[in-house]
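**Student:** Dropping the structure in here first, questions after.
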Amino acid sequence: MKLRTSEVSRIAAFAEACRAAIGEKYVLDAPEDTAAYRSDFWRQHHGRSPYVVRPASTEEVAKVVGLAAKFKVQLVVQGGNTGLVNGSIPDSSGRQVVLSLNRLNAVRAIDTTGDYIVVEAGCILADVQKAAAGGGRMFPLSLGAEGSCRIGGNLATNAGGNNVLRYGSARDQVLGLEVVLADGSIWNGLQTLRKDNTGYDLKQLFVGSEGTLGVITAAALRLVASPRERVTLWLTVAGAEDAITLFARFRSRFGDLISSFELIHTNGVGLAARHLSGTRRPVDDTESPWHVLVELAWTFEHGLQARAEEMLGELFEAGLCKDGGMAASEQQRLNMWRVREGQSEAAREVGTVVRSDVSVAIPQIPVLLARIEKFVRQLDASIVFMPFGHVGDGNLHVNFVVPADGADVLGPKLLDSLFNAVTQLGGSISAEHGVGRTKRTRIGKMKAGASLQLMKLIKNALDPNRVLNAGIGVV
């Protein structure tokens, strides 16, 4: 689509005003400089944008957004650009300008008495974790992309991750936010209070909104005590039903001491072991179709391992596990997590990964997996079924590896079957990755009625001119 001359001039005038506001070198326009901002992390989605604007403070973000409102320019807010639903890059029109927050990367404060940390939106998640650890505390949000994703994007998409079972999703870590609204004004809700019943909980309006209601520039986040003893187990089971039984057993015995309970198909384990350098199978069992990764932790120094060993013996005696064991060193523990986190990376060596992010009620997990595996077998024998996910909250990533030349045909068929099955089971087709552009049409249909109308009312009230992340999210 070719832009009108007047539109090109208007966007150029906006860029010139931004140069005056934040500095010429922080408004990028050379194609080689903007290329990384126009494609997603996995290079599966590509957009067009004439400029990338990189402010360094909340005040500069406010100036840029205010200018966008004045010149009627659409902005796409970008953090670490690690999203999986095409929600952080510009569309193909060439009229959207990227607003990058990666220069807002300061840790403003940390308080281990109040157990909070205040960070700017461009802070890399791993750096937030390190800052918390330096103060003898833990920031519990943890996910595979934590070395490159940024906290603003984590909050904007309400990221889940591996510790949701115990600590909750990104939403549950937020005490307060600082947000630039679509007109360029700043809402300072950067409180560290644990209780405040003086009105609507406005901060939660922006968490999970995918940047469509305001630009998160800083956040006050809760910290927790660091565990002193951690136990990590890798088990194999004969079926997904057995994994659900295992989860119930562990939950009855260890309660909130369970940080993670992950279900992994043997196909993904095999791919990781073959294609990730330095990675090996956590157990020798190659026959069992399912693997389970469990992590327990508490703040006492001793005693958890003995309890876990006792539990392990009971599971084998009952025949619930085929094989398995406990990580005897930090190196073994990291290898287990590398297998869990590196499956998609390994799968790229053999084909194109068709990704998904869904949730169903925990008892429905085996039902969903059985339906989709049957569909895959009937559709095409070349497809590698590669599901994994967080059993404890019903969130599964039902991924598939397809031949590179068949992705355009097989991908939509696989996702149609999956999403239809999830909907029939009363689940959600977006559990922790957001909506982006990828799922916008589907979710728009599913959210018909009062839910969709309420969302439209909120969007129209806060961003009537569609300045922020137009075409992303539900409305």
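**Student:** Does residue 275 satisfy the criteria of being in the same structural domain as residue 323 (by TED's automatic domain parsing), on the phi < 0 side of the Ramachandran plot and touching a strand residue (DSSP E or B) at 6+ places or on another chain (Cβ under 7 Å)?
**Tutor:** Numbers: in the same structural domain as residue 323 (by TED's automatic domain parsing): yes; on the phi < 0 side of the Ramachandran plot: yes; touching a strand residue (DSSP E or B) at 6+ places or on another chain (Cβ under 7 Å): no.
No.
**Student:** Only one of 269, 294 is in contact (Cβ under 8 Å) with a residue 40 or more places away in the chain and either over 24 Å from residue 402 (Cα atoms) or in a strand (DSSP E or B) (or both). Can you tell me which?
**Tutor:** Numbers: 269 fails: either over 24 Å from residue 402 (Cα atoms) or in a strand (DSSP E or B) (or both).
Just a single option satisfies the conditions, and that option is 294.
**Student:** Please verify whether residue 192 is assigned to a loop (DSSP other than H, G, I, E, B), outside the structural domain of residue 56 (by TED's automatic domain parsing) and under 20 Å from the mean Cα position of the chain (by Cα), treating the condition exactly as stated.
**Tutor:** Values: assigned to a loop (DSSP other than H, G, I, E, B): yes; outside the structural domain of residue 56 (by TED's automatic domain parsing): yes; under 20 Å from the mean Cα position of the chain (by Cα): no.
Here the answer is no, as residue 192 does not meet what is asked.
**Student:** If you don't mind, there's one more thing I want to ask. Output the residues belonging to segment 431-475 that are under 24 Å from residue 68 (Cβ atoms), within 21 Å of the chain's Cα centre (by Cα) and free of Cβ contacts under 8 Å to residues at least 40 places away in the same chain.
**Tutor:** First, the residues of segment 431-475 that are under 24 Å from residue 68 (Cβ atoms): 434-437, 440, 455-475.
Subsequent filtering for residues that are within 21 Å of the chain's Cα centre (by Cα) retains 434-437, 440, 468-475.
Result: 440, 474.
**Student:** Here's a follow-up. Taking interchain pairs and intrachain pairs at least six residues apart, which have beta carbon atoms under 6 angstrom, with the first residue in segment 303-327 and closer than 15 Å to residue 285 by Cβ and in contact (Cβ under 8 Å) with a residue 12 or more places away in the chain and the second surrounded by 13 or more Cβ atoms within 10 Å (Cβ to Cβ) and acidic (Asp, Glu)?
**Tutor:** Matching pairs, first to second residue: 320/242; 322/285; 323/285.
**Student:** Sticking with this one: Scan segment 164-187 for residues that are in a strand (DSSP E or B) and either under 16 Å from residue 462 (Cβ atoms) or in the same structural domain as residue 392 (by TED's automatic domain parsing) (or both) and jot them down. Outline the logic, then answer.
**Tutor:** Taking segment 164-187 and keeping what is in a strand (DSSP E or B), we get 174-181, 186-187.
Once the filter is applied, which keeps residues that are in a strand (DSSP E or B) and either under 16 Å from residue 462 (Cβ atoms) or in the same structural domain as residue 392 (by TED's automatic domain parsing) (or both), segment 164-187 yields 177, 178, 179, 180, 181, 186, 187.
**Student:** Out of 222, 249, 281, 274, report the one residue that is basic (Lys, Arg), surrounded by fewer than 21 Cβ atoms within 10 Å (Cβ to Cβ), under 30 Å from residue 100 (Cβ atoms) and touching a residue at least 40 places away in the same chain (Cβ under 8 Å).
**Tutor:** Values: 249 fails: under 30 Å from residue 100 (Cβ atoms); 281 fails: under 30 Å from residue 100 (Cβ atoms); 274 fails: under 30 Å from residue 100 (Cβ atoms).
Sole residue among the options that is basic (Lys, Arg), surrounded by fewer than 21 Cβ atoms within 10 Å (Cβ to Cβ), under 30 Å from residue 100 (Cβ atoms) and touching a residue at least 40 places away in the same chain (Cβ under 8 Å): 222.
**Student:** In segment 294-322, what count of residues is obtained for those that are within 13 Å of residue 230 (Cα to Cα), touching a helix residue (DSSP H, G or I) at 6+ places or on another chain (Cβ under 9 Å) and of a type in the set (A, V, I, L, M)?
**Tutor:** Number satisfying all stated conditions: 5.
**Student:** Still on this structure, I have one more. Going by the structure shown, is residue 203 surrounded by fewer than 24 Cβ atoms within 10 Å (Cβ to Cβ) and at pLDDT below 95? Quick ask: steps written out before the conclusion?
**Tutor:** On the way: surrounded by fewer than 24 Cβ atoms within 10 Å (Cβ to Cβ): yes; at pLDDT below 95: no.
Considered against the rule, which asks whether it is surrounded by fewer than 24 Cβ atoms within 10 Å (Cβ to Cβ) and at pLDDT below 95, residue 203 comes out as no.
**Student:** Also, I was wondering about something else. Taking the conditions exactly as written (at pLDDT 95 or above, closer than 29 Å to residue 348 by Cα, among the hydroxyl-bearing types (Ser, Thr, Tyr) and surrounded by fewer than 19 Cβ atoms within 10 Å (Cβ to Cβ)), does residue 266 satisfy them or not? I'd like the intermediate steps shown before the answer.
**Tutor:** Details: at pLDDT 95 or above: yes; closer than 29 Å to residue 348 by Cα: yes; among the hydroxyl-bearing types (Ser, Thr, Tyr): yes; surrounded by fewer than 19 Cβ atoms within 10 Å (Cβ to Cβ): yes.
Judged against the criteria, residue 266 is a match.
**Student:** Here's another thing I want to ask about it. Does segment 239-260 include one or more residues that are more than 30 Å from residue 366 (Cβ to Cβ) and either modelled with pLDDT under 95 or in a strand (DSSP E or B) (or both)?
**Tutor:** The answer is no, given that none of the residues of segment 239-260 is more than 30 Å from residue 366 (Cβ to Cβ) and either modelled with pLDDT under 95 or in a strand (DSSP E or B) (or both).
The values are calculated or read from the model by the stated rules, or taken from the named source; none is laboratory data. Values in this document were obtained by computation on a predicted structure and should not be read as measured data. Glycine gets a Cβ as well: all are built from the backbone with ideal geometry, and neighbour counts include every protein chain shown.
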